[in-house]
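As structure tokens, the structure follows; a few thoughts come after it.
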2 protein chains.
Amino acid sequence: MSVLVVGSVALDSVETPFGKAEDVLGGSGTFFSASASHFAPVQLVGVVGSDYPVEKLAPLKQRGVDLSGLEQADGESFRWRGRYRHDLNSAETLETRLGVFSHFRPKIPEQFRAAPFVFLANIDPRLQLDVLNQVEKPTLVACDTMNFWIESRRSDLLALLERVDLITLNDGEARQLTEETNLVKAARWIMTRGPRHVIIKKGEHGAFMFTDRSVFFAPAYPLENVFDPTGAGDSFAGGFMGYLARTGRIDDDTMRRAVVYGSAMGSFAVERFSIERLLEIGTAEIRDRLTSFRRLVAFEEDLPD
Amino acid sequence: MSVLVVGSVALDSVETPFGKAEDVLGGSGTFFSASASHFAPVQLVGVVGSDYPVEKLAPLKQRGVDLSGLEQADGESFRWRGRYRHDLNSAETLETRLGVFSHFRPKIPEQFRAAPFVFLANIDPRLQLDVLNQVEKPTLVACDTMNFWIESRRSDLLALLERVDLITLNDGEARQLTEETNLVKAARWIMTRGPRHVIIKKGEHGAFMFTDRSVFFAPAYPLENVFDPTGAGDSFAGGFMGYLARTGRIDDDTMRRAVVYGSAMGSFAVERFSIERLLEIGTAEIRDRLTSFRRLVAFEEDLPD
């Protein structure tokens, strides 16, 4: 089964303690697609400017990412420039130039409208809602968001929540949205507004998936060398949704495995700049990392009398 | 098998968003003992002042904590006063009065010297070393420490590391001690100085146990109501060491289970003030929480082709 993603396709310039990259492939749609393409066919909807090096997206196409929904508009591409200090915990945004992205109105091509799995990456909730008006009864719709929309588009975001099955957001955003410090309470608050599943990402501290009946937790893989954290969350979402699309199932066991696949893909993404590592790995590496994840949390119960 | 702990026995005054407690039982030795006593006989060495309400320790004695190494000295007991803001992440220390603790010289009673499991709670590394000179070939010696000793007693702490099998410390302390931001590297740095096991506690974000051959991670249990975080780390250590003492084994499987028991006991400790909850629970509650931990991280592998 295929997965449709609507998100940004950008050019990133990133500085970390380990090096610099200029105008490399970035954006939520790009990271998501590179990650999800390891599991299922991907349909990408987004916009780039006339200056975008579209030929650099060829490796994505070769991996089964359908780019026929990627519009090229007159004007500049979305550019983000950021820097990470030595602790790599948070990006310092040096410059954001929205370019053609500021007028983005997603048009879902006819042949994408029946996609069973839909991911609304972090864009204006009004556009996320607009996408939902263009697709036909997906099996599962998930969305991401960020502090900017929580503050500036709260009512649209709440309207969106009523129409999605799952939301991914980070711990700070969950607290901001719900005004609950406790993440269990925050997740519950969100679930009462619509989504049956809430995934709270905690960056290097892992991710929780809440449902009304269970909680699942996957750690972030403890890497010795984190090179560039950009795109980890979108790569997580790509692995998660890609795995669901591959199996076609959304039962609890499958969703749990999907979170682990998401964590694995996030852990690969941060090993190089841009989507470099995501394009480099194959099934063997993914399999190995899954096994490492299993070992990381494995313990046998042996209850005291 | 029994577990010997040398640590503080204090009176805590704590303010959280949920209430206040005045002069309640606190201190690393107290939390450790209350926790470990669910698994094995405990031998507590510490000092209290002439004003200490020793009768309040009776429940510990009833639970199998041998208090014959608890000295009562002339003077004031160790008192700590602290406050937690609404996010409960870090304690704000309002007052510390060391009292008789400032002259504490641990004397290990003859009948405690053969203890197979020894925990050196967070005290001056010089005293921790002094304890090691008084005990006979334990199966496993673990120590805790804190930022104050890392700064003021670095060479003693490094000497201590050469003589312990395991250290528990939090992520900030690990980074401070090793000057490594990355926790995998920090753990490796510590292991080259002596301990075969390094447990890095990340508070609400769980705990890692590193060895030269494997990494294990246990999340903190996602509680909906954290009441008072005081003593969580020492309760963790108590569950961990208590479980090892109960089994008498220190193989990797047992150590992993011990980390989960530690996390479980830490999660109970924070549900009430002081050691209240630790004294209240029984085997059934511990068993239930272990099962919840298992569900929290359980996933079945299903590797892609």
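Looking at segment A:259-292 only, could you name the residues that are within 9 Å of chain B (Cβ to nearest Cβ) and surrounded by 23 or more Cβ atoms within 10 Å (Cβ to Cβ)?
The answer is A:259, A:260, A:261.
For segment B:34-70, give me each residue that is part of a helix (DSSP H, G or I) and either under 22 Å from residue B:103 (Cβ atoms) or among the β-branched types (Val, Ile, Thr) (or both).
Result: B:54, B:57.
Using the structure shown, decide if residue B:248 is away from chain A (no Cβ under 12 Å), open to solvent by 20 Å² or more (accessible area, probe 1.4 Å) and over 23 Å from residue B:146 (Cβ atoms).
yes
I'm checking my understanding of the structure. Among residues of segment A:191-203 that are within 24 Å of residue B:291 (Cα to Cα) and out of contact with any helix residue (DSSP H, G or I) (no Cβ under 6 Å at 6 or more places or on another chain), which one is most open to solvent (accessible area, probe 1.4 Å)?
In this case the residue turns out to be A:196.
In segment A:61-74, how many residues are out of contact with any strand residue (DSSP E or B) (no Cβ under 7 Å at 6 or more places or on another chain) and surrounded by 16 or more Cβ atoms within 10 Å (Cβ to Cβ)?
1
Would you point out the residue of segment B:1-20, among those that are among the polar types (S, T, N, Q) and in contact with a Phe, Trp or Tyr (Cβ under 6 Å, 6 or more places away or on another chain), that is surrounded by the fewest Cβ atoms within 10 Å (Cβ to Cβ)?
So the residue we want is B:16.
Going by the structure shown, is residue B:191 within 18 Å of residue B:250 (Cα to Cα) and within 13 Å of chain A (Cβ to nearest Cβ)?
Considered against the rule, which asks whether it is within 18 Å of residue B:250 (Cα to Cα) and within 13 Å of chain A (Cβ to nearest Cβ), residue B:191 comes out as no.
Does segment B:23-45 contain at least one residue that is farther than 23 Å from residue B:236 by Cβ, of a type outside the set (Ser, Thr, Tyr) and without any contact (Cβ under 8 Å) to a residue 60 or more places away in the chain?
Within segment B:23-45 (the criterion being farther than 23 Å from residue B:236 by Cβ, of a type outside the set (Ser, Thr, Tyr) and without any contact (Cβ under 8 Å) to a residue 60 or more places away in the chain), the answer is yes, since at least one residue qualifies.
Determine which single condition residue A:300 fails, assuming it passes every other condition in (1) closer than 24 Å to residue A:88 by Cα; (2) within 12 Å of chain B (Cβ to nearest Cβ); (3) among the acidic types (Asp, Glu).
All conditions are met except number (1).
Consider residue B:5 against the criteria (1) touching a helix residue (DSSP H, G or I) at 6+ places or on another chain (Cβ under 8 Å); (2) at positive phi: it satisfies all of them except one. Which criterion is unmet?
With respect to (1) touching a helix residue (DSSP H, G or I) at 6+ places or on another chain (Cβ under 8 Å); (2) at positive phi, residue B:5 is out only on (2).
Working only within segment B:204-228, note down all residues that are facing chain A (nearest Cβ under 10 Å), more than 18 Å from residue B:256 (Cβ to Cβ) and either open to solvent by less than 10 Å² (accessible area, probe 1.4 Å) or under 16 Å from the mean Cα position of the chain (by Cα) (or both).
Passing the criteria: only B:204.
Please find, among A:141, A:131, the residue that is under 18 Å from residue A:33 (Cβ atoms) and either of a type in the set (Lys, Arg) or in contact with a helix residue (DSSP H, G or I) (Cβ under 8 Å, 6 or more places away or on another chain) (or both).
A:141
From the list B:284, B:237, B:264, B:258, exactly one residue is aliphatic (A, V, I, L, M) and closer than 30 Å to residue A:189 by Cβ. Which is it?
From the options B:284, B:237, B:264, B:258, the qualifying one is B:264.
In segment A:77-94, which residue that is of a type in the set (D, E, K, R) and out of contact with any Ser or Thr (no Cβ under 8 Å at 6 or more places or on another chain) is nearest to residue B:180 (Cα to Cα)? Before you say what the answer is, go through the steps one by one.
Pass one, segment A:77-94, residues of a type in the set (D, E, K, R): A:79, A:81, A:83, A:85, A:87, A:92.
With the extra rule that they be out of contact with any Ser or Thr (no Cβ under 8 Å at 6 or more places or on another chain), the set shrinks to A:85, A:92.
Values: A:85: 14, A:92: 21 Å.
Taking the candidates together, the pick is A:85.
The values are calculated or read from the model by the stated rules, or taken from the named source; none is laboratory data. Being a predicted model, the structure only gives us computed values, none of them experimental. Quick reminder, even Gly has a Cβ in these numbers, built from the backbone with ideal geometry, and neighbours come from all protein chains shown. Side chains are part of the model used for accessible areas, which takes the heavy atoms of the whole protein and leaves out ligands, DNA and RNA. Shrake-Rupley method; radii C 1.70, N 1.55, O 1.52, S 1.80 Å.
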